[in-house]
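Some notes on the structure that comes next.
The values are calculated or read from the model by the stated rules, or taken from the named source; none is laboratory data. Keep in mind that what you see is a predicted model, and the values were worked out from it rather than measured. Neighbour counts are summed over all protein chains in view; Cβ atoms, including those assigned to glycine, are modelled from backbone coordinates with ideal geometry.
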Amino acid sequence: MKAFLMHKDRDFDLEQELPSNEQALIQDLELSTLFDAMTLGDEFLLEVAKKAVLSGLGDRETILYRQGILKDCLKNPSIVRAVYNVAVESIESKKKHWYGIFDVSPRSTLRSSVEMMQMLVGMLKRLVSITDERASKFESEGFTTFFAMLKRELDDEYFACIQNHLTELKFRDGVLISGELGKGNEGTGYLLRKPHDRQSWMKRVFAEKTPAYTLRIDPRDEGGSRALSELADRGINLVANALAQSSDHIFSFFNMVRTELAFYVACLNLQEQLCQIGEPLCFPLPADPCERSHSFQGLYDVCLALTMKRRIVGNDVNADKKDLVIITGANQGGKTTFLRSVGLAQLMMQCGMFVPAESFCANVCDGIFTHYRREEDTTMKSGKLDEELSRMSRIADKLKSNSMVLFNESFAATNEKEGSEIARQIVSALLEKHVKVFFVTHLYEFAHGFHDRRMGNAIFLRAERQADGGRTFKLNEGEPLETSYGEDLYGRVFVFGADN
């Protein structure tokens, strides 16, 4: 049995390796805040959420497949949590059943396996009960296939057959074993046999009897009792192992259901918190990687909203058919927050989630990378510019066409002219390789140089500043300016601060 709740045709691989830039993405996009909201301290949810979000998807078909399942989850959260809890309870119950850890005899293995299978059958029945009562409320291809599989595989006949086998495997009337004499009159070919069907006393009296011989062991004959026990163990060894494997098979099914539903439970946790704040969510429209689509309304930084616990300013941008987005403008005007919102939304879309916006459409990217300015610290073995160039070199080694790179104040660790030239050459090379670039910068020569080229595949955004120096945290299309209005911050700290 397969769940197929993350992919149409395969299981979700929880052992897959995370991308090499995992730590940079977590640091630059503040993903820890997002993961905390999704998992609420649950370590297993955290493991699944990190793998799903950071691994992403390269095809829009699977993204839309997960979106359909998530829409069902948002409409039926209590049912989804109920199914998830059954899977979790099954796994936790197994931990309480030891397969004869101190007694590894076939009898102990069989006894533990019977108990485990009995528990798992009860869990399967609970799962089927939920399916029978609530399956009609789900419309997605994933859940429809999942519930149909449960109904097909776990019918009344299946449960009746399992129950009969479990009853027989308790061997209340003893063990029936056949065997043969081998060389030297040693026993060989021991096989466990199905017990004879019970007959009425009249049939037993008048039935034609085959010759039978009985050997009785004296109660004080310890050696004889041990020999009989060993004979019984030989007979039940194969069936004990087979039942243990069957239990493991059902347990693996519950484990996969738990793993794949964990992603959607984490999404439900996040959605509930954002709804309490009053922030909008939407299901994005993914475009093919080769397209250049990037437009949205009301896009906001979900991590900032979770931290502030209130609604924050969103932005509207149409960057369709654009490869380059350069963001300039006033200090503390919301540029870095905007850049982070772009990266977060892209990651959330590509793993099949909703995104923090009123509407969102973007092409799928073959890799998402960040290159943010780092504060100088004792771990640096060279200057800041050398460190930035080294990180850029590592990113370049991983880049493919249709990747996306987010730059934040990069290459500003040197003078204006040199930093602008380095940034220009790097961005030009990326555009030639069909890499999408978002670049937040105060390097006027770099930004204005691209603006003067009047490129059809570039758009320039500027953080809005009011006449009195106030910040609206909105970004609008606009030509780069020579100033970032640092004097506003100076006045706020040293002039207005002095009056206070």
### Message
Tell me the residue from Asn331, Asn363, Asn315 that is in the same structural domain as Gly449 (by TED's automatic domain parsing) and in contact with an Asp or Glu (Cβ under 6 Å, 6 or more places away or on another chain), please.
### Response
Asn363
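Return a yes/no flag: does region 247-269 have any residue that is of a type in the set (S, T, N, Q), part of a helix (DSSP H, G or I) and surrounded by 21 or more Cβ atoms within 10 Å (Cβ to Cβ).
Looking through region 247-269, at least one residue is of a type in the set (S, T, N, Q), part of a helix (DSSP H, G or I) and surrounded by 21 or more Cβ atoms within 10 Å (Cβ to Cβ).
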### Query
Taking region 380-431 on its own, how many of its residues are touching a strand residue (DSSP E or B) at 6+ places or on another chain (Cβ under 7 Å) and β-branched (Val, Ile, Thr)?
3
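I'd like to verify a number: residues in region 427-485 that are of a type in the set (Val, Ile, Thr) and over 24 Å from Met404 (Cβ atoms), how many?
Result for region 427-485: 2.
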### Query
Since Leu430 meets every condition but one in (1) assigned to a loop (DSSP other than H, G, I, E, B); (2) free of Cβ contacts under 8 Å to residues at least 40 places away in the same chain; (3) within 22 Å of Ser293 (Cβ to Cβ), which condition does it not meet?
(1)
### Task
Count, please, the residues in region 306-324 that happen to be within 30 Å of the chain's Cα centre (by Cα) and surrounded by 15 or more Cβ atoms within 10 Å (Cβ to Cβ).
10
### Of all residues making up region 1-35, the number that are touching a residue at least 40 places away in the same chain (Cβ under 8 Å), acidic (Asp, Glu) and under 30 Å from Tyr372 (Cα atoms)
2
### Message
Among (1) modelled with pLDDT under 95; (2) out of contact with any helix residue (DSSP H, G or I) (no Cβ under 7 Å at 6 or more places or on another chain); (3) buried (at least 19 other Cβ atoms within 10 Å of the Cβ); (4) of a type outside the set (Val, Ile, Thr), there is one condition Asp103 misses while meeting the rest; what is its number?
### Response
(3)
### Summary
Of the candidates Ser403, Ser410, Ser390, the one satisfying the condition of being surrounded by fewer than 16 Cβ atoms within 10 Å (Cβ to Cβ) and polar (S, T, N, Q) is Ser390
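So which of Ile79, Ile91, Ile69 ends up being assigned to a helix (DSSP H, G or I), touching a residue at least 60 places away in the same chain (Cβ under 8 Å) and buried (at least 19 other Cβ atoms within 10 Å of the Cβ)?
On the way: Ile79 fails: touching a residue at least 60 places away in the same chain (Cβ under 8 Å); Ile91 fails: buried (at least 19 other Cβ atoms within 10 Å of the Cβ).
The match here is Ile69.
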### Task
For Gly298, state whether it is out of contact with any Asp or Glu (no Cβ under 8 Å at 6 or more places or on another chain), surrounded by fewer than 19 Cβ atoms within 10 Å (Cβ to Cβ) and farther than 27 Å from Lys51 by Cβ.
no
### Boolean, Leu5 is of a type outside the set (D, E, K, R) and under 10 Å from the mean Cα position of the chain (by Cα)
no
#### Entry: Close pairs (9 angstrom Cβ cut-off, 6 or more residues apart or separate chains): outside the structural domain of Ile79 (by TED's automatic domain parsing) in region 126-147, at pLDDT 90 or above and assigned to a loop (DSSP other than H, G, I, E, B) anywhere
none
### Task
Among what's in region 1-53 and is under 30 Å from Phe146 (Cα atoms) and of a type in the set (S, T, N, Q), pick the residue that is surrounded by the most Cβ atoms within 10 Å (Cβ to Cβ).
Thr39
### Task
Go through (1) buried (at least 16 other Cβ atoms within 10 Å of the Cβ); (2) within 25 Å of the chain's Cα centre (by Cα) and name the single condition Thr336 misses.
(2)
## Note on the structure
All conditions in (1) modelled with pLDDT under 65; (2) touching a helix residue (DSSP H, G or I) at 6+ places or on another chain (Cβ under 7 Å) are true of Leu169 except (1)
### Message
Anything in region 1-31 that is of a type in the set (S, T, N, Q) and closer than 20 Å to Met349 by Cβ? List them, or say none.
### Response
Gln16, Asn21
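Report whether or not Val440 is touching a strand residue (DSSP E or B) at 6+ places or on another chain (Cβ under 7 Å), surrounded by 13 or more Cβ atoms within 10 Å (Cβ to Cβ) and over 21 Å from Ala330 (Cβ atoms).
Judged against the criteria, Val440 is not a match.
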